[in-house]
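First comes the structure, then the notes that go with it.
Each value in this text was obtained by applying a stated rule to the coordinates, not by laboratory testing. Keep in mind the model is a prediction, meaning the values are calculated, not measured. Note that each Cβ is placed from the backbone with ideal geometry, even for glycine, and that neighbours are counted across all protein chains shown.
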Amino acid sequence: MSLLEVTNLGISFGGLRAVDEFSLKIEEGELYGLIGPNGAGKTTVFNMLTGIYKPTDGTIKLNGADITGRKTADINKAGVARTFQNIRLFGDQSVLDNVKIGLHNHFEYSTIEGVFRLPRFFSTEKAMNEKAMSILSVFGLDVEADTLASNLPYGKQRQLEIARALATEPKLLLLDEPAAGMNPNETRELMETIALIRKEFKVTILLIEHDMKLVSGICEKLTVLNFGRVLCQGNTSEVLNNPEVIKAYLGE
Amino acid sequence: MKLLKNVTAPTQKLIRTVAAVVLVYILMEILIAAGCISSLIQGLLVPVCTYSIAAVALNLCVGYLGELSLGHAGFMCLGAFASAYFSKLTADTIPDVPRFILALIIGTAVAALFGFLIAIPVLRLKGDYLAIVTLAFGEIIKNVMNVIYVGKDSVGLHFSMKDQLSLGMSVDGKMIINGAQGITGTPRQSTFTVGVVLLILALIITSNFVNSRTGRAVKAIRDNRIAAETVGLPVSKYKLIAFTLSAAIAGVAGVLYSHSLNSLTATTNNFGYNMSIMILVYVVLGGIGNFSGGIIATTVLLLLPELLRGMADYRMLIYSIVLIALMIFNWSPDVQKWKAVNGLTLDGIKARFSKNKEVQ
């Protein structure tokens, strides 16, 4: 059974068919890339996978369970986490708190226990801090734990967003253009980070990316999207040598 | 300060705020005992506590939930009437202290219940629309309070929303809530001490709330709703909790208010949108999300008209000028820049002090 199985997914915004007959299969442990020209519908696919948009037709199955059209929060609890193209951090809170919000559903104490500072508040908060710091240290962000998230430099904000997503203990991690706006050095560091989190967190990754160096460097399989439809699917080297892909996306 | 090292930064801030409130309280008590405080100012001590609590409540809603509510005077109204009703009803049967505690619990619970019920439809809205609807709910609460008639006689309780006569009470009956005339003869138990204790309680509860797991979730929803959903937070649930708590604390302010007066009526000035906006002014001036700032702003703005009494006709004019000046000083981007350049922000001043320490 595949970890993620998407069949004939489609969505219309009024008269516009943004995505049509999109199918995708991702096996556990894979690093899968979703590429395509601007406006092809890549982020729309992500928004459907995470329940931000409700698909007009088609099904999404995670580990065999149907998650089509469920609430975003429930889809996260089922095991899908994501990052955003335009970074969406909790800017007014510290780096540590951002990750602790990601841990929210894995640690439990009631509002009453929190308000009156009962013993379980202290023990749970301590455990949460330790867990959050251990996730941050993977990204080398533990030294910035008390910094406000909005005060971090751009590259670190992207890493924090990944750290926050990983804190929810996902089976599938969706990265929306993780290398956008990064220089070649930062992109190389990002590739190392992605390799590291695959090993540390044993998570399957689906990513959208325009940086061909990154895509050809780390993705094992690719799906090319053009005008909302799948143009080509398969192993990275095959896809990137497909003449149609070269024509539509990479330029003749 | 060594003692404070083991606790987290928000707790340190809370301890400092509570200590300042206690200090001011002790100072005021000494000055009152020494006879240095005019009776006019003494009469303002309970209102200062009342509206400080209201400001704390609204700050939770505006600063942490991130939703502008213009109906908090309505929740105060509910707390005031529910508790005054209970106190009046049981004035002869329950001793003072337990009765006030019970009244406090009832007032808070009623405000919380209505806060919860109103929040269900209201929190589906955003921004201006939410503000308008909360304003409307506040007005509705106030106006409904003006037409409620409740009386008690040997038979039992009578209720009407028409007039006093339609209650049909026997001759031994006595009015408890008399429509627009409200409730008269509520036992007056809101002393300065009670006010300060309740203010400190409100401060501790809200501060602990926003710095707990639930509070973090509420702040996350405020900062970025979509991101909060994608990390698995049930958005509606946490918005409901925060709004209900905010309404409950406004209810506490209402209990304090109703027990400081002989006659309680619901008018535009005390429970209408005028008051809702006044509370918002305290919050904005004190700094959105800053509980201690709200208390300071409340105190200054309540005392100012009395201190300006010597100016006779011009006092409200000067009051509004001071208000505008403070607003500009706190919020204008140009002034912020000027303060930052000259190191007059809180961080800048701290940095200056630490630099001096290094030199020594």
A correct Karplus calculation of ³J(HN,Hα) over the stretch B:264-279, with 6.51 cos²θ - 1.76 cosθ + 1.60, θ = phi - 60°, whole Hz and x for Gly and Pro, returns 10, 10, 9, 10, 4, 6, 9, 10, x, 5, 3, 6, 4, 6, 4, 5
Tell me, what is the FRET efficiency for residue B:39 and residue A:146 to the nearest 0.05, using R0 = 45 angstrom and their Cβ-Cβ distance as r?
0.40
Could you tell me the calculated FRET efficiency between residue A:220 and residue A:137, based on Cβ-Cβ distance and R0 = 30 angstrom, to the nearest 0.05?
0.65
Reference-scaled alpha-carbon Rg (2.2 N^0.38 Å with N residues) for the stretch A:1-120
1.30
For chain A, what are the per-bin percents of Cα-Cα distances with bins 5 Å wide, up to the bin holding the maximum?
1, 6, 13, 16, 18, 16, 12, 8, 5, 2, 1, 0, 0, 0
Estimated inter-spin distance, residue B:262 and residue B:144, nm [label 7 Å along Cα→Cβ]:
3.1 nm
Net charge near residue B:177, counting Lys/Arg +1 and Asp/Glu -1 over other residues with Cβ under 15 Å of its Cβ?
+3
Can you give the FRET efficiency to the nearest 0.05 for residue B:24 and residue A:235, using r as the Cβ-Cβ distance and R₀ = 60 Å?
0.25
Quick one: 3J(HN,Hα) in Hz for the stretch A:6-18, Karplus 6.51/-1.76/1.60 with θ = phi - 60°, rounded, Gly and Pro as x.
10, 10, 6, 5, x, 9, 10, 10, x, x, 8, 8, 6
Phi angles of the stretch A:89-98, converted by Karplus (6.51 cos²θ - 1.76 cosθ + 1.60, θ = phi - 60°) into ³J(HN,Hα) in whole Hz with x for Gly and Pro, give 9, 8, x, 8, 10, 6, 4, 4, 5, 4
Env charge @ residue A:29, Cβ radius under 14 Å, K,R +1 / D,E -1, value +1
Using only the alpha-carbon atoms, what does the protein assembly as shown span along each of its principal axes? Please give whole angstrom values in decreasing order.
96, 73, 48
As an exercise, identify the chymotrypsin sites (Phe, Trp or Tyr not before Pro) in the stretch B:226-262 lying in DSSP coil whose Cβ has no more than 10 other Cβ atoms within 10 Å.
none
With Cβ to Cβ distances under 10 Å as the rule, what net charge do the other residues near residue A:114 carry (K, R +1; D, E -1)?
+2
Highest to lowest packing among B:63-75, B:294-306, scored as the average C-beta count within 10 Å:
B:63-75, B:294-306
For residue A:30, enumerate residues with amide H under 5 Å from its amide H, sequence gap 5+ or separate chain, H modeled in the peptide plane.
A:205
Among the aspartates and glutamates, which have Cα under 13 Å from the Cα of residue A:202 when same-chain residues fewer than 8 positions away are ignored?
A:27, A:28, A:30, A:169
Restraint check, A:61/A:171; A:61/A:199; A:77/A:156, Cα-Cα greater than 18 Å:
A:61/A:199; A:77/A:156
Over all directions, average the projected area of the Cα convex hull of the stretch B:66-132 and note it in nm².
4.8 nm²
May I ask what percent, to the nearest 5, of DSSP beta bridges between residues of chain A are antiparallel?
55 percent
